[in-house]
Each structure stands twice: as structure tokens, then as C-alpha cells.
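Below is one structure; the comments refer to it alone.
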């Protein structure tokens, strides 16, 4: 019987990948729980596995006394000496109990259930401890099943879940497919640890490049930023600490073999690789490739840039549904407004026309105006776009004065812009009126073919049609 128990415990330890000692400890706890169902008092009862004889022992420890007052805790000297002839008063003696004979069927079933539960808990804790350290890494597994859109992945020792929101759009899986994913999180639940996987996280793309490009794994090349719309397009900015290595070329690989491998893994997601630059203007310009940037205006306070490209390249720079511009903005961290070269020139022309010298701002003293000009704030528009922090650096300007100046300048510019809009609106209205007047009215055309004059007709013989009975056009 003992060998059957050892074999069973060894099998459990091997199948569940649990230490043998942990199985023994769990069995001891299970039998103790069963003993508590049979005995009213179990404080002096314990279980011990005898490795030498491969036997699990149930022991009741009792104190040797002259007269027994509590049979659960005490034993008479006579009975003690029958077990151990050298036993004396006040000694503690271990009494071995045949638990198989002592325990009934219900108690054994309870022990079995507790054992199964404890083993499951130990297995869950092992899986959790193993995978919690793997959060943020790439794993590979086999699709086990698909449940309500969620993909259950067999990872070997654990089971991962790829939720719908973490799947690449339009990507389909079938049972038995091998899949790579990024471990996003590991959560404890009643059913065991939940290993949450992702294929849309930016770190998944980074991990794939690290796997395919040795220079990234060795940290010779660094991925500085990633912007991605899963399943559609991605942009990554790369930088090499070694001037001899081209970071873009290394990531693309010979004949594009490296990047194409990643593209296939991502369900043909297009990937743009751009060289990183610490200079924001250069970085934004590179991120908008293949469109060529002609002009660029930087607004540091708003973390914004206005970029002008060739008229015929505008749609290329913006991309389908604004995708290229959106990804460039995410990649660089700057708000990027893309306009055509003609729009840029028109805006600059308008800006020049609207430019008002700061000296024309009413209510501002001569000394303040002079100091503003010295600080290269020569126009009201420039003053309106300045920050309080910039103005208080000017000698003689406090915070309250700076706030008042900016507020006054903004109001002035708003009024100026409103006047300009009204003027443009009136101009458009007049132009529209002129165009409307150029439209043909009903009385300006002939009613039927016989009234038309051709080169073959004798003009002298043609009489003008009578329009008196025609209805006036609603316009």
C-alpha cells in the first residue's frame, strides 16, 4: 500500500510539475482535515511521511501520567510502557494510529477532495509565479480554441487568453495555428491565473524587431519610438549608437528579409522605418516620408508644427484618412498640421497683411512698447501668442502686467480677424451675386429647336421669339 501511495504522489508531482515535498505536505494537511471530522480534539495529532520506509504515519502525542484525566491528551504509565518500556512519568510518547482503519469512507473522500484542491492551488501558484516574471516578453503557443472571439492559447505549462481588443483587426485564427503574442498581464482568478496576451501593443512590435534584428537585441540599435494602427500601418524611429551601422538598413535587412518577416507576422501591416533625430523639426520631417517638407513652422508653447508640402504631394503626406499625419504625430509627440505649399504661401501673405506693429496697440506705454520690441516682440500678433513666462523675463514687466498685455493683444487680434472674416464674407457674397447674375435665365434661352439660329439660317428672316407669356424663373 505504501508503494502505491509513493507512486501516486510521484505521478502527481510529475504531471503537475510540483515538488514532491509539496505533494507530501498537501497530503498531510488533507488527512489532518479528515481527522478533524472524526475526532473532537486534534491538537496533538500530526502526520509524518517516513521517507526511509516510504510510509505516511498518523501520530497522536500524549503525556505519560499516573492517572488519566483527559484520554485525548494523556496516557497511563502502564499503557505507555507497553508501547515503550523505557517510558516514565511526564514523558511525551508518540502513538501510531492506523488511519486507514480509523477513518471512515467519508473522511477519506474529504481528504481526497482537499488533496485535489491543494494540488490545484499549488499548480496555479506555480503557473502564476512563472508567468508573472514573463510579463513584457514574447511567447509562442498553439491556438487551443476560440471562445466568443477570444483566442485561447496553449503556452505549454500555462494557458493564455488573447482578447478581441488585443487582436489585429481582420486577423483570423483556427485551432492548431501557431501564434506569437506579447504577455500583457497575469491576473489571479478563481479559475486560476489568467495570462493576458496582446498582438496590438506597441511592445509586441518592438519584441518582434528585437527577435529579428540582432543589433536591436544587442542594443547597438535602439527603437526610440513606435506609432501604430494595428493591421494597417506602423512607424518606428530607430537610432544607432555606432556611426558605422545604418539603423534603417539593419532593420530592413538584405532585400527586406527582416522587415518582411515581421510584416507577415502582423498580417501584412505596412511598416515605415525612419531614422530618429533629437532635433524635433528634422524628426517630424523624416516621419512624414515619403512626402517632402518644404516649409515648417514651430509653435513650442502648443507643441505644434505647421508643415507645408508640395501641392501634388499633399494627399501623400496626409495619407489615407489622415493616417500618415496621425502616425507622424504619435511618433514624434508633436501636433502636426499639414498644408499645401500654396496654402502656406496664402497664409503667410494673409499674416503679413494682418501684421500690426505693437506700437499701434492702444493703452500700452512707450517704455513697455520699446522693451517689447527689444525682446523681438514687434507685432501685436506676436504678443498675443507669447506666454506669461516669456514676458516676465523682460525687465520691468510683472506677472499681472504680462497677463493684461497678452489679454489685450488677443482681444485686438480677435477683433482684427473678425473684421477680416466679415470682409471676406462680403467679398464672397458679392462674387456669388455676380456669378448668379451670369447664370442664364429662362427668358435668355429659346424654348424649342425652331427658335435656334445656325450659320446656315438666314439671320435676316429670323424673328425673335415672343417671351411675354413665359413664366418668370423662381430665381
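When each of the peptides 361-367, 265-271 is scored by the mean number of other C-beta atoms lying within 10 Å of its residues, the order from highest to lowest reads 265-271, 361-367. In segment 134-200, the DSSP beta bridges split such that about 90 percent are antiparallel, to the nearest 5. Listed peptides 156-163, 66-73 appear in the order 156-163, 66-73 once ranked by packing, highest mean of other Cβ atoms within 10 Å at the front. In summary, the convex hull built on the alpha carbon positions of segment 367-432 has an orientation-averaged projected area of 4.9 nm². On the beta carbon distance between residue 370 and residue 301, with R0 = 30 Å, the FRET formula returns roughly 0.80.
Give the calculated FRET efficiency between residue 416 and residue 378 to the nearest 0.05, with a Förster radius of 25 Å applied to their Cβ-Cβ distance. The pair residue 416/residue 378 has a calculated efficiency of 0.95. For residue 188 and residue 63, the difference between the fully extended length at 0.36 nm per residue and the C-alpha to C-alpha distance is 40.5 nm. Taking 0.36 nm per residue of separation and subtracting the Cα-Cα distance, full extension of the segment from residue 95 to residue 315 would add 70.2 nm.
What length, rounded to one decimal in nm, is gained on full extension from residue 55 through to residue 267, with 0.36 nm per residue of separation minus their alpha-carbon distance?
Fully extending the segment from residue 55 to residue 267 adds 70.5 nm.
The calculated FRET efficiency for residue 220 paired with residue 135, based on their beta-carbon distance and R0 = 35 Å, is about 0.85. Given axes a ≥ b ≥ c from the Cα gyration tensor, I'd like to know whether segment 134-200 is rounded (a/c under 1.5), prolate (a/b larger than b/c) or oblate. Here segment 134-200 falls in the rounded category.
Sorted on the mean count of surrounding Cβ atoms within 10 Å across their residues, most packed first, peptides 217-230, 238-251 read 217-230, 238-251.
Each reported figure results from applying straightforward, stated rules to the coordinates on display, with no laboratory input. All figures in this text were calculated on a predicted structure; none of them were measured in a lab. Counting neighbours? That spans all protein chains shown, and the Cβs are built from the backbone with ideal geometry, glycine included.
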